[in-house]
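Peer 1: Before anything else, here's the structure in question.
Taken together, the values in this text are just the output of simple stated rules run on the coordinates, not laboratory data. What you are looking at is a predicted structure, and each value in this text was computed from that prediction instead of being measured. All Cβ positions, glycine included, derive from the backbone under ideal geometry; neighbour counts span all protein chains shown.
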């Protein structure tokens, strides 16, 4: 295997920022600033240059700010600056458009495709009890399917919001976060168990980072702020998994992405990070899906059948190698025509794609989506089942277990280890670790030389112990994401 390359040294600001500084110096822009120091000298310099701090981001030893583009070069040359990034839009990786639990009632195929249904009714049922799954998305609304169907307590145990646009409550009027939450942990009660999430008794932690308008857009800084909250509250809510169904609009090295630096810190602190690969096909894997540590999930088409034997990989599912030479995705899960109950009938997705709305029971409605955005929460729910069964597994052990027990499908380039089979993963006994020897993001280095990861590198990694030394940088490139239209469909046996 080729050694992933280390980015070449360039100025301490993203190239597109330097271009904006030259071409549109009076334009006010949003940036994310990272510091090498832990004092307030950079904040003071920013104020002297006419800039305004918007949000403190201690998870990356930095902050987000607004300033005129013309002062970027001056700020980038200051002592104590590590890197300045554009506070870029972060894209939903979902596509929409036309297009005891009784498994016999299931109308959706995906729980049986990955064998989750075989774990729900064991002597010791595995339904995600006690495991906290954080959903970094457009919010989650209180709804019947997200109550515990044994105790009838609300399983949305915490809700916070960091989005910058309209409706800064934690509620989802866009529709994406609710869909993700249902796929992870819906209990099926509103649909008479036709649509049941993978971990129907897991707890959900609602971290809203994207807007209800503008197609659910998030920003780098809102995502990092959300991840900071997850880190700070991980013990309080037993957050063991985080689902991120968004990717950056810039394709770049993981050594220069603050999103990658942040997800690595969650990973090193015991949280399994599951990320959608994207919907752009070959060579389009962006942060944080490009990070070598996290579990990057591509999409499979389950053909609406319970057996995985006829499954294929849709051409739009993103795959690598990444800019740094890592193979992605790590595995795949069903991601075509995934249907779930829709608790807010007038959300933006339903209004934009009315053909994807179908009638449910007692006046309820369902919504169908396709994309790696709905494949990732299938894996996040599966991880909750595995961690309920073996709570002492580390993120690296979880990743290795899922990949070692996946069913090969299509080409390895497109599907990684293959399609997830959570029953095999639970029944397996290996405790080997993935990622050993992998270089951590240079934004997380403690010193100027690359650090490689082993199971004992940071036994108790903490944000406060991360030092911010000089790093090497590569050229950032812009990319777009694909939109895939698929009609609703029902399961066949």
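Peer 1: Pairs of Cα atoms under 8 Å, at least six residues apart: use those to get the relative contact order of the stretch 15-87, whole percent.
Peer 2: 48
Peer 1: Another question, then. Using mean Cβ contacts within 10 Å as the protection proxy, how do 259-266, 398-405 order, highest first?
Peer 2: Per-residue mean Cβ counts within 10 Å order the peptides as 259-266, 398-405.
Peer 1: Using the beta-carbon distance between residue 104 and residue 232 and R0 = 56 Å, what value does 1/(1 + (r/R0)^6) give for FRET efficiency, to the nearest 0.05?
Peer 2: Computed FRET efficiency for residue 104 and residue 232 comes out at 0.80.
Peer 1: Ok, one more. Please list 269-281, 362-374 highest first by mean number of surrounding beta-carbon atoms within 10 Å per residue.
Peer 2: Descending packing order for the listed peptides: 269-281, 362-374.
Peer 1: Relative to the present Cα-Cα distance, how much length would full extension add between residue 160 and residue 392 at 0.36 nm per residue of separation?
Peer 2: So the extension gain works out to 80.8 nm.
Peer 1: Determine, from the Cβ-Cβ distance of residue 362 and residue 305 and an R0 of 35 Å, the FRET efficiency 1/(1 + (r/R0)^6), rounded to the nearest 0.05.
Peer 2: Efficiency computed from Cβ-Cβ geometry: 0.80.
Peer 1: Okay, next question. Which of rounded, prolate, oblate describes the chain, given a ≥ b ≥ c as roots of the alpha-carbon gyration tensor eigenvalues and a/c under 1.5 marking rounded, otherwise prolate only if a/b is larger than b/c?
Peer 2: Prolate, since a/c reaches 1.5 and a/b exceeds b/c.
Peer 1: From the helices alone, meaning DSSP H stretches of at least four residues, give me the mean residue ellipticity at 222 nm for the chain, per-run term -39500 (n - 2.57), in deg cm²/dmol to the nearest 500.
Peer 2: That calculation yields -6000 deg cm²/dmol at 222 nm.
Peer 1: To continue, here is another question. Can you classify the stretch 297-360 as rounded, prolate or oblate using the Cα gyration tensor, where a ≥ b ≥ c are the square roots of its eigenvalues, rounded means a/c under 1.5, and otherwise it's prolate if a/b beats b/c and oblate if not?
Peer 2: Oblate, because a/c is 1.5 or more while a/b does not exceed b/c.
Peer 1: Still on this structure: Beyond 21 Å, what percent of the Cα pairs of the stretch 15-87 remain?
Peer 2: Beyond 21 Å sits 14 percent of the P(r) for the stretch 15-87.
Peer 1: Which shape class, rounded, prolate or oblate, goes with the stretch 153-243 when its Cα gyration tensor gives a ≥ b ≥ c as root eigenvalues, a/c under 1.5 marks rounded, and past that a/b bigger than b/c marks prolate?
Peer 2: oblate
Peer 1: Could you rank the peptides 172-182, 121-131, 39-49 by their average count of other C-beta atoms within 10 Å per residue, with the highest value first?
Peer 2: Top to bottom by mean Cβ count within 10 Å: 172-182, 121-131, 39-49.
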